[in-house]
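Asks: I'd like to ask you about the structure that follows.
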Amino acid sequence: MTPAELTAALRHEAQRLGFGLSGACPAVPPPGSVDRLQAWLTAGYGGQMHSLADRSDAYADPARVLDGARSVLMLAMDYRTSQPGDPATGQGRISRYAWGGDYHDVIHDRLHRLADFLRQLAPGARVRGVVDTAPLLEREFAQAAGLGWVGKNTLLLNQRHGSWFFLAALLTDQMLEYASAAETDHCGTCRACLDACPTQAFVAPWVLDSRKCISYLTIELREPVDPALRPGMGDWLFGCDVCQDVCPWNRRSPASEEPAFEPHAQHDPIGLAELFSLDEVGFRARFRHTPLWRARRRGLLRNAAIVLGNQRDPQAIEALAIGLADSDALVRGACAWALGQSRLPLARAALDRRRVLESDPQVSAEILAALAPRANSSRSASEREALGDADALPV
């Protein structure tokens, strides 16, 4: 088969397998892409994502992903399903991509099938499919393959599909017919994504400081969240979709037809108090085959505590008190902060009880900060309702 025939056959099969976009490009990093990554890492914007820096040399050579790679077939699979539910008090938001099953499992299966198809057309061909698992600049290769342009929110955008899609790549030693790179920026003067970010994580258009990004804070960060950033997390338990929700190109993006991406009934939105009753075994049973597993139990409970602290719901005090006695210091510290957001006597009593028992210095500091008097503090409507006639009680 000629490169053009092989590419056409691969793209047709990719579409049959559920990939809404596809295009091929040479297995050579686009000009300037590796230098931009290195500058971004040097600025510290990668935070604790040390694997990026540890593998920075590998990003310069796709042959490190597949020996003898000559071509990359870039692919995109839509994941937008229904409109997200509006969380009630005591519930948290999960990013759309994590509503259903683990997309890695779904896409890896399709990539294996596409790789087998390629081997049938070109016996002896070397081929490897990757999705988030190899040192490959997938976004830059996707732009080089004509799938879209990089938006100001640093995500790949397509005029028809918006940004609600997963990227994947099929590397091969076969020659393919290469598409023209997408060079036109269709963002224009729009700043919707930059202005809407709750934590102001965009240093400039096309430059994201991951250390302030809610997705990073709730998924990648393994330490306590900076107290200054906690209020900006709002009710986001896992990930964040704000910069995509406000993007005009996402208004008409197609809905996914993949059943695995349909939201689990408990994930859109998700109840938070119940999470504090899960031990490691229970957490594994509930989340092992979902994207939420990446945050691990300690990370997800830390996030849940921060959301409940932002909501200041009196009904959450009992759950937060349970978390305040958790075996993990990260969870205890977040629960201490969350209880400190409430000025109700019940929350203060829980903090006082834990204060004399706590042995971790960082958690002790969180408890003392939570107990410290706050100037010009105001109670939430739910707190005022909970107090009722006891509103005059000292706090």
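The values are calculated or read from the model by the stated rules, or taken from the named source; none is laboratory data. What you see is a predicted model, and the numbers here were worked out from it, not measured in a lab. All Cβ positions, glycine included, derive from the backbone under ideal geometry; neighbour counts span all protein chains shown. When the accessible area is computed, the model is the full protein with side chains, heavy atoms only, and any ligands, DNA or RNA have been set aside. Shrake-Rupley method; radii C 1.70, N 1.55, O 1.52, S 1.80 Å.
Asks: Determine the pairs where a residue that is under 12 Å from M77 (Cβ atoms), located within region 93-108, has a partner that is aliphatic (A, V, I, L, M) and assigned to a helix (DSSP H, G or I) with Cβ atoms under 6 Å apart, the partner being 6 or more residues away or on another chain.
Replies: Close Cβ pairs (under 6 Å, with a partner that is aliphatic (A, V, I, L, M) and assigned to a helix (DSSP H, G or I)) amount to V106/A260.
Asks: For region 181-225, give me each residue that is part of a loop (DSSP other than H, G, I, E, B), within 24 Å of V307 (Cα to Cα) and open to solvent by 80 Å² or more (accessible area, probe 1.4 Å).
Replies: Q200, R222, E223
Asks: Restricting attention to region 358-378, does a residue exist that is over 25 Å from the mean Cα position of the chain (by Cα), surrounded by fewer than 13 Cβ atoms within 10 Å (Cβ to Cβ), modelled with pLDDT of 95 or more and farther than 30 Å from C240 by Cβ?
Replies: Yes, that holds for at least one residue.
Asks: Also: Please determine whether any residue of region 128-140 is basic (K, R), in contact with an Asp or Glu (Cβ under 8 Å, 6 or more places away or on another chain) and either in contact (Cβ under 8 Å) with a residue 40 or more places away in the chain or crowded, with 18+ Cβ neighbours inside 10 Å (or both).
Replies: no
Asks: Restricting attention to region 157-171, does a residue exist that is more than 20 Å from G20 (Cβ to Cβ), at pLDDT 95 or above and either of a type in the set (D, E, K, R) or out of contact with any Lys or Arg (no Cβ under 9 Å at 6 or more places or on another chain) (or both)?
Replies: So far as region 157-171 goes, no, none of its residues is more than 20 Å from G20 (Cβ to Cβ), at pLDDT 95 or above and either of a type in the set (D, E, K, R) or out of contact with any Lys or Arg (no Cβ under 9 Å at 6 or more places or on another chain) (or both).
Asks: Cβ contacts < 9 Å: first residue farther than 25 Å from D360 by Cα, restricted to region 211-236; second residue aromatic (F, W, Y) and outside any helix (DSSP H, G or I), any location; separation 6+ or different chain. Result?
Replies: That search, which allows pairs on different chains as well, returns K212/F202; C213/F202; I214/W236; S215/W236; S215/F238.
Asks: Can we say G44 is part of a loop (DSSP other than H, G, I, E, B), open to solvent by 20 Å² or more (accessible area, probe 1.4 Å) and not aliphatic (A, V, I, L, M)?
Replies: yes
Asks: Let me ask another. Which condition breaks for D35 when tested against (1) assigned to a helix (DSSP H, G or I); (2) out of contact with any strand residue (DSSP E or B) (no Cβ under 6 Å at 6 or more places or on another chain); (3) open to solvent by less than 50 Å² (accessible area, probe 1.4 Å)?
Replies: For D35, the exception is condition (3).
Asks: Can you name the residue in region 306-332 that is within 21 Å of the chain's Cα centre (by Cα) and of a type in the set (V, I, T) and is also farthest from P224 (Cα to Cα) among such residues?
Replies: Looking at the filtered set, the residue picked out is V307.
Asks: Does A76 satisfy the criteria of being at pLDDT 95 or above, open to solvent by less than 60 Å² (accessible area, probe 1.4 Å) and either among the aromatic types (F, W, Y) or not in a helix (DSSP H, G or I) (or both)?
Replies: Yes: the conditions hold for A76.
Asks: Just checking, which of S82, S56 is assigned to a loop (DSSP other than H, G, I, E, B), touching a Pro at 6+ places or on another chain (Cβ under 9 Å), more than 30 Å from A273 (Cα to Cα) and in contact (Cβ under 8 Å) with a residue 12 or more places away in the chain?
Replies: Details: S82 fails: more than 30 Å from A273 (Cα to Cα).
Selected residue: S56, the only one of S82, S56 that is assigned to a loop (DSSP other than H, G, I, E, B), touching a Pro at 6+ places or on another chain (Cβ under 9 Å), more than 30 Å from A273 (Cα to Cα) and in contact (Cβ under 8 Å) with a residue 12 or more places away in the chain.
Asks: Within region 210-249, take every residue that is in contact with a strand residue (DSSP E or B) (Cβ under 6 Å, 6 or more places away or on another chain) and among the β-branched types (V, I, T) and give me the one that is nearest to G90 (Cα to Cα).
Replies: T218
Asks: While we're looking at this one, here's another question. Taking region 308-336 as the search range and keeping residues that are assigned to a loop (DSSP other than H, G, I, E, B) and in contact with a helix residue (DSSP H, G or I) (Cβ under 8 Å, 6 or more places away or on another chain), which one is surrounded by the fewest Cβ atoms within 10 Å (Cβ to Cβ)?
Replies: Residue satisfying both the conditions and the ranking: A325.
Asks: If you check R302, R252, which single one turns out to be within 16 Å of G92 (Cα to Cα) and basic (K, R)?
Replies: Residue meeting the stated conditions: R302.
Asks: Kindly check whether there is at least one residue in region 89-107 that is touching an Asp or Glu at 6+ places or on another chain (Cβ under 6 Å), open to solvent by 50 Å² or more (accessible area, probe 1.4 Å) and not in a strand (DSSP E or B).
Replies: Within region 89-107, one or more residues are touching an Asp or Glu at 6+ places or on another chain (Cβ under 6 Å), open to solvent by 50 Å² or more (accessible area, probe 1.4 Å) and not in a strand (DSSP E or B).
Asks: If you don't mind, another one. Taking the condition touching a residue at least 40 places away in the same chain (Cβ under 8 Å), among the basic types (K, R) and either within 16 Å of A347 (Cβ to Cβ) or surrounded by fewer than 24 Cβ atoms within 10 Å (Cβ to Cβ) (or both), does R294 pass? Steps first, answer last, please.
Replies: On the way: touching a residue at least 40 places away in the same chain (Cβ under 8 Å): yes; among the basic types (K, R): yes; either within 16 Å of A347 (Cβ to Cβ) or surrounded by fewer than 24 Cβ atoms within 10 Å (Cβ to Cβ) (or both): yes.
Here the answer is yes, as R294 does meet what is asked.
Asks: Does region 61-73 hold any residues that are open to solvent by less than 50 Å² (accessible area, probe 1.4 Å) and touching a helix residue (DSSP H, G or I) at 6+ places or on another chain (Cβ under 9 Å), and which are they?
Replies: Result: P62, V65, A69, S71, V72, L73.
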